[in-house]
Amino acid sequence: MEKETKEIQASVTITAKDLFFFMLQHTYRSVGGALSLLFSIGAFFLLLRAFTTVELPYKVILIISSLLFTVINPFLLYLRSVKQVKRKEGFCKPILYTFTKKGFTMQQGKEQATALWSDLWKIRNGKKYLFLYGNTIRANIIPKNQLNGQQEEISKFIREGRKSGKKI
């Protein structure tokens, strides 16, 4: 008979890379993000097609337009994530997560917060990260490589806890 786990604990420290990945996905998984990528790709193809026929100022505009959302914006997001991780002391300290069938508790120093799985706005269970959204903008970023190989059990907790509430 398999012993059923009541709770799982994991200590998580968010790095600039983790925050960058979240910001990148948050930006480009929206309609606006998809349209901005299409704009840059369209500008690139227009540049290729009209390169020999347009004057230098138009070429410069098309080059900047094609790089804007494919190279420049991701680079700026990376710089912002590095700056944010350095500036906010909350990123320096690990967060202790305790996962149960009902929800999870986060503890960092003397601060503590609890949330039920059914109360979360959205849960994204990706390949490398688990994102627990409290609302449309804020999410708890949990790198799966810091879950001590217990990702499947946590996913089971989430499925069971969300059965009565919203779907994932």
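Here is the figure for the range 83-121: residues that are modelled with pLDDT of 90 or more, surrounded by 15 or more Cβ atoms within 10 Å (Cβ to Cβ) and under 12 Å from A16 (Cα atoms) total 2. Checking each residue in the range 18-62 for being closer than 15 Å to P74 by Cα, in contact (Cβ under 8 Å) with a residue 12 or more places away in the chain and of a type in the set (D, E, K, R) picks out only D18. For the range 54-82, filtered to residues that are more than 23 Å from the chain's Cα centre (by Cα) and open to solvent by less than 60 Å² (accessible area, probe 1.4 Å), the residue that is farthest from S40 (Cα to Cα) is V54.
Considering the range 138-166, the residues that are in contact (Cβ under 8 Å) with a residue 40 or more places away in the chain and open to solvent by 80 Å² or more (accessible area, probe 1.4 Å) include one that is nearest to T27 (Cα to Cα), namely K166. Among the residues making up the range 125-137, a single one is in contact (Cβ under 8 Å) with a residue 40 or more places away in the chain, open to solvent by 40 Å² or more (accessible area, probe 1.4 Å) and closer than 16 Å to R162 by Cα: N125.
The values are calculated or read from the model by the stated rules, or taken from the named source; none is laboratory data. Because the structure is predicted, anything quoted here is derived from the model rather than measured. Every residue, glycine as well, gets a Cβ built from its backbone with ideal geometry; the counts of neighbours run over all protein chains shown. Accessible surface is based on the protein model in full, side chains and every heavy atom, while ligands, DNA and RNA are left aside. Shrake-Rupley method; radii C 1.70, N 1.55, O 1.52, S 1.80 Å.
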